[in-house]
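Here the structure comes first, spelled out in structure tokens, and everything after it is commentary.
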Amino acid sequence: MSQNVNRRDFISASAIATLGASALGLGAEPRRPVGNHRPVVISSANGLRTVERAMELLKAGADPLDAAIEGVAIVEADPSDRTVGYGGIPNEEGVVELDAAVMHGPTHGGGSVASLHNIMHPAAVARLVMKRTDHCLLVGEGALKFARAHGFPEINLLTDEARKIWLHWKETNGKESDWIAPPDNELDPLVREFFKREHGTIHCSALDTHGNLGCVTTTSGLYFKIPGRVGDSPILGAGLYLDNAAGSAGSTGRGEANLLNCSSFAMVDVLRRGLSPQEAVLEAAKRVAATNKSPRLRDAKGRPNFDVKFYCVSKDGRFAGASLWAGAKMAVHDGEGARLVDCTPLYPEPLVS
Ligand code: GLY
């Protein structure tokens, strides 16, 4: 059994939020006077509280990246979101491994961490990779040592609920034949319910009152992944990208599809050509569908048998979301309150899994 599972509860749950929050401000910019540009924040559907908090910070003069990081930190610390940070679903060995990346428009800086263990706020660590190293990406033990050096507290990210879900997966889908699942009527309802849900991750792009951009993507990645598997979230150009002169973009869903298409870079490139966010997100969705050649990943009509969602905001404050399959939403705050809006689907029907 993994070290993470053995060390469960080495810190009390009530202390976790406080400790995580204490490190959250590391590397943040001082506030500056508010400008005249209309601020906009976009996020994935799990980011309603994220856009609310980020908008509040933008209106108080926060840097757009700092606002986005603090917005997603709410979800990173939320044990009920099983796709991000604390409470995320672990890898196949029961260890929660986090990926996150940030980009900062005014400096065109970027930083990321991958396969990071025991740190509640990987996006804040990614900001320090950007600001306090000569590099863009730190992984695994090196990323953890870097976070420790900057005073991030270590906690056990595996909640009891996530552990039960992992255990059920191990007893039903894992490689070890010695593991035996309980009868269905003895299964914890939260475990049964979980396996009906789709994947998550959170992206947030923020446009501040000076017309500057910042973005972040943070995730616990693919459920029950092979240890060391890294998705698109910490890869600049795949899970997020920005150009302060054009706009910002990010994605959630099957990361391998974005790695193979540099989806976020491609969306921003569409904006650079003078096209709209709506054209950018649909172009990314079409690319993923067109390049998905593996028979294992196609339905009977040759369409992807997975979903990917794309989010984009332009320098002038227009925004759009798209998904491969119908039913996806994104969170937005453009001064008129935080709300969920529909993503435009490439295919008119929902994904049948
Ligand atoms: N898009 C998140 C992941 O694939 O890890």
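The values are calculated or read from the model by the stated rules, or taken from the named source; none is laboratory data. What you are looking at is a predicted structure, and each value in this text was computed from that prediction instead of being measured. No Cβ is skipped: glycine too gets one built from the backbone with ideal geometry, and neighbour counts run over all protein chains shown. Just so you know, the surface numbers come from the protein's heavy atoms only, side chains and all, with ligands and any DNA or RNA stripped out. Shrake-Rupley method; radii C 1.70, N 1.55, O 1.52, S 1.80 Å.
General remarks:
- Within the accessible area of the stretch 11-153, the carbon and sulfur atoms contribute 55%, probe 1.4 Å, all protein chains present.
- Distribution of pairwise C-alpha distances over the chain, 20 Å bins, in %: 33, 58, 9, 0
- Among F319, S264, A289 - extreme Cα towards positive end, dipole of the stretch 249-338, charges at beta-carbon: A289
- Bridgeable lysines around K301 (alpha carbons under 17 Å apart, same-chain partners fewer than 8 residues away excluded): K286, K293.
- For the chain, calculated [θ]222 nm from helices alone, where every DSSP H run of n ≥ 4 adds -39500 (n - 2.57): -9500 deg cm²/dmol
- At full extension, D178 and V34 could sit 45.7 nm farther apart than now, given 0.36 nm per residue minus the alpha carbon distance.
- Given the chain, longest segment not containing exposed loop chymotrypsin sites (Phe, Trp or Tyr not before Pro) (DSSP; at most 16 other Cβ within 10 Å): 11-178
- Computed lengthening from E56 to A245, 0.36 nm per intervening residue step minus Cα-Cα distance: 65.7 nm
- Summing charges over neighbours of A114, with a neighbour being any other residue whose Cβ is under 13 Å away from its Cβ, gives -2 when K and R count +1 and D and E count -1.
- Relative contact order (%) - criterion: Cα under 8 Å, at least six apart; region: the chain: 20 percent
- Considering only alpha-carbon pairs that sit under 8 angstrom and 6 or more positions apart, the relative contact order computed for the stretch 133-234 is 17 percent.
- C-alpha center-to-center spacing [the stretch 102-117, the stretch 258-285] in angstrom: 19 Å
- Residue range of the chain that is longest and free of trypsin sites (Lys or Arg not before Pro) which are both DSSP loop and sparsely packed (at most 13 other C-beta within 10 Å): 32-174
- Only lysines eight or more places from K145 in sequence, or on another chain, were considered; those with a Cα closer than 28 Å are K131, K225.
- Proximal aspartates and glutamates to K164, defined as alpha-carbon separation beneath 16 angstrom and excluding residues fewer than eight positions away on the same chain: D9, D81, E92, E93, D184, E186, D188, E193
- Sites T133 and H108 - FRET efficiency at Förster radius 22 Å, r taken between beta-carbons, to 0.05: 0.85
- Net length available on complete extension from I226 to R272 is 12.9 nm, with 0.36 nm assigned per residue and the Cα-Cα distance removed.
- Contact order, relative form, for the stretch 257-315: 36 percent (alpha carbon pairs under 8 Å, 6 or more residues apart, mean separation divided by residue count).
- Three-way shape label, the stretch 43-169, alpha-carbon gyration tensor, a/c 1.5: oblate
- Local net charge near P304, Cβ-Cβ under 10 Å (Lys/Arg +1, Asp/Glu -1): +1
- Most positive-pole-ward Cα, N212, G253, V191, against dipole of the chain from beta carbon charges: N212
- The stretch 81-170 - share of DSSP beta bridges that are antiparallel (%, nearest 5): 65 percent
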